[in-house]
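S.K.: First the structure, which I've put down as structure tokens, then a few questions once you've had a look.
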Amino acid sequence: MGGAKTVFFPRNMAEALSCLNSSSEPQVMAGCTLERGLPSSSIMVNATQIEELGVIDPHERFIDFGSAATFSQILGTAKRRLPSVFFESIESIATPFVRNRATIGGNICAPGRRRTLFSALLALDARLEFKGENETLFIHLGTFNKVPQGMMLTKIRVPVDEWNISIFKRPGPARIFTEESASFVFLAMTGKGGLSDLRIAYSQHTAYRSRALENRLIGMRLPLTQKTVSAILDETAERLKNSLDSSESPHSTLDSPVAARQFLDLLEFSLTQLM
């Protein structure tokens with residue numbers, strides 16, 4: 001038989017943050033779609049009790065999502081405001097029944113490997129708001145590694161941008177999350193015969209986004225030639241092999257040859273869309 005469990009059901013943010021410091025390393029839980037059982041010490045949060053965690057607040061240049069907003073809520077209220085890759089990522093996750101419970105915060109903060117939505121949020125330069133009892137921290141997803149001690153993810157800010165080319169790919173089995181599952185996002189802004197902006201992100205066991213690769217491509221004349229695409233792929237393969245991006249951010253290496261090969265294949269497919 002398992003040991004006794006301590007489960008908190010806070011009625012507001014003040015209680016939730018107090019609970020974080022009243023138990024030994026409690027785990028914040030929301031929809032519980034990623035867990036087969038509750039941890040020995042957990043804090044159950046939901047938007048019906050803590051309303052601010054479920055708010056979806058659109059602004060002119062960004063949308064704020066409460067961390068306990070479910071995927072179904074997001075699909076129903078904000079679908080036309082953000083790039084298609086964001087919603088394609090969400091729609092690729094499980095089934096409507098699961099999306100009724102699964103939350104955006106849970107997908108970001110799930111322990112272990114990076115989940116499906118991570119690459120889209122990484123490419124879109126999402127910003128995370130964490131609250132503790134005495135302070136609030138704002139962390140860009142590009143530098144996020146783990147939830148700060150004694151704090152809770154409360155809000156995700158996603159910029160509203162328009163992209164000429166938006167590509168989302170989800171290798172692996174459909175609707176279920178396995179060891180083979182990965183996600184890839186490619187965003188390009190074109191104009192006046194050139195490439196003016198670019199975002200490329202991938203996640204599997206780890207996440208990967210190379211600013212060096214993006215900067216290498218931004219400003220190039222379009223359409224790309226086959227020679228240019230081949231050169232970029234060779235350079236990127238060398239960067240991955242030698243971990244040349246490892247000092248950029250926590251999301252700058254791929255942890256297996258299989259992931260590196262998959263990333264290169266997806267990058268090649270995307271670059272051919274610029275030829």
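We did not get these values from a lab; they are worked out from the coordinates using the rules stated. Source: prediction; values computed, not measured. A quick note on method: Cβ atoms are made from the backbone with ideal geometry, for glycine too, and the neighbour counts reach across all protein chains shown.
S.K.: Using Cβ contacts closer than 10 Å as the measure, can you line up 184, 97 from fewest to most? Show your work: numbers first, answer last.
M.R.: Numbers: 184 26, 97 10.
Least to most surrounded, the residues fall as 97, 184.
S.K.: Around residue 43, which amide H atoms from residues at least 5 apart in sequence, or from another chain, sit under 5 Å from its own amide H, with H modelled in the peptide plane?
M.R.: Sorted by chain and number, the residues that satisfy this are 8, 27, 28, 29.
S.K.: Another question, then. As a test, work out the antiparallel percent of DSSP beta bridges whose residues both lie in the chain, rounded to the nearest 5. Write down the numbers at each step before the final one.
M.R.: Numbers: 37 of 43 bridges.
Once the DSSP bridges in the chain are tallied, antiparallel ones form about 85 percent.
S.K.: What ranking do 136, 178 get, fewest neighbouring Cβ atoms within 10 angstrom at the top? Mind showing how you got there, number by number?
M.R.: On the way: 136 11, 178 7.
Placing the least packed residue first, the sequence is 178, 136.
S.K.: Shifting gears a bit: In a Gaussian network model over the chain where Cα atoms closer than 10 Å are linked, find which of 165, 90, 176 has the largest mean-square fluctuation.
M.R.: With Cα springs under 10 Å in the chain, the top fluctuation among 165, 90, 176 is at 176.
S.K.: For residue 241, go through the lysines and keep the ones whose alpha-carbon is under 30 Å away, minus same-chain ones fewer than eight residues off.
M.R.: Counting by Cα, and skipping residues close in sequence, residue 241 has these lysines nearby: 146, 169, 227.
S.K.: Provide the three semi-axes, in whole Å and in decreasing order, of the ellipsoid equivalent to the stretch 47-94 as defined by the square roots of 5 times the Cα gyration tensor eigenvalues. Intermediate values should be presented prior to the final figure.
M.R.: Details: eigenvalues 67, 43, 10 Å².
The answer is 18, 15, 7 Å, longest axis first.
S.K.: Under a 5 Å amide H to amide H cut-off, with H placed in plane at 1.01 Å, what residues pair with residue 102 once short-range neighbours are removed?
M.R.: 71
S.K.: Of 201, 231, 110, which is the most mobile in a GNM of the chain whose springs link Cα atoms less than 10 angstrom apart?
M.R.: For the chain, modelled as a Gaussian network with Cα springs under 10 Å, the answer is 231.
S.K.: Still on this structure, please answer the following. Just rank 42, 72, fewest to most, by other beta-carbon atoms within 10 angstrom. Walk me through the numbers on the way to the answer.
M.R.: Details: 42 21, 72 16.
Ordered by Cβ neighbours within 10 Å, fewest first: 72, 42.
S.K.: Fully extended, how many nm does the chain gain between residue 6 and residue 175 (0.36 nm per residue separation, minus their Cα-Cα distance)?
M.R.: 57.6 nm
S.K.: Under the Karplus relation 6.51 cos²θ - 1.76 cosθ + 1.60, θ = phi - 60°, what is the ordered set of whole-Hz ³J(HN,Hα) values for the stretch 123-128, x standing for Gly and Pro?
M.R.: With the stated coefficients, the stretch 123-128 comes to 5, 8, 6, 5, 10, 10 Hz.
S.K.: Sticking with this structure for a sec: State the label only: which of [x] 23.9, 72; [y] 19.5, 67; [z] 18.2, 55 corresponds to Rg and Dmax of the Cα atoms in Å computed from the shown model?
M.R.: Correct label, based on the coordinates given: [y].
S.K.: Ok, one more. Could you tell me how many degrees, from 0 to 90 and to the nearest 10, lie between the Cα long axis of helix 257-272 and the main elongation axis, the longest principal axis, of the Cα atoms of the chain?
M.R.: For helix 257-272, the angle is close to 60 degrees.
S.K.: Pairs of Cα atoms under 8 Å, at least six residues apart: use those to get the relative contact order of the chain, whole percent. Show your work: numbers first, answer last.
M.R.: Numbers: 519 pairs, mean separation 40.1, N = 275.
Computed over the chain, the figure is 15 percent.
S.K.: A further question on this structure: Angle, helix 226-242 long axis vs. longest principal axis of the chain, Cα atoms, 0 to 90°, nearest 10?
M.R.: The two axes meet at around 50 degrees.
S.K.: Over the stretch 35-164, what is the relative contact order in percent, taking alpha-carbon pairs closer than 8 angstrom and at least six residues apart? Each step should come with its number before you reach the end.
M.R.: Working: 199 pairs, mean separation 34.9, N = 130.
That works out to 27 percent.
S.K.: Can you run phi through the Karplus equation (6.51, -1.76, 1.60; θ = phi - 60°) for the stretch 42-48 and list ³J(HN,Hα) in whole Hz, with x for Gly and Pro?
M.R.: Ordered by residue, 3J(HN,Hα) equals 9, 10, 8, 10, 8, 6, 6 Hz.
S.K.: A further question on this structure: Between residue 57 and residue 241, what is the label-point separation in nm under the 7 Å Cα-to-beta-carbon projection?
M.R.: 4.9
S.K.: Put a dot 7 Å past each Cα toward the Cβ at residue 14 and residue 196; how far apart are the dots in nm?
M.R.: Computed distance between label sites residue 196 and residue 14 equals 4.9 nm.
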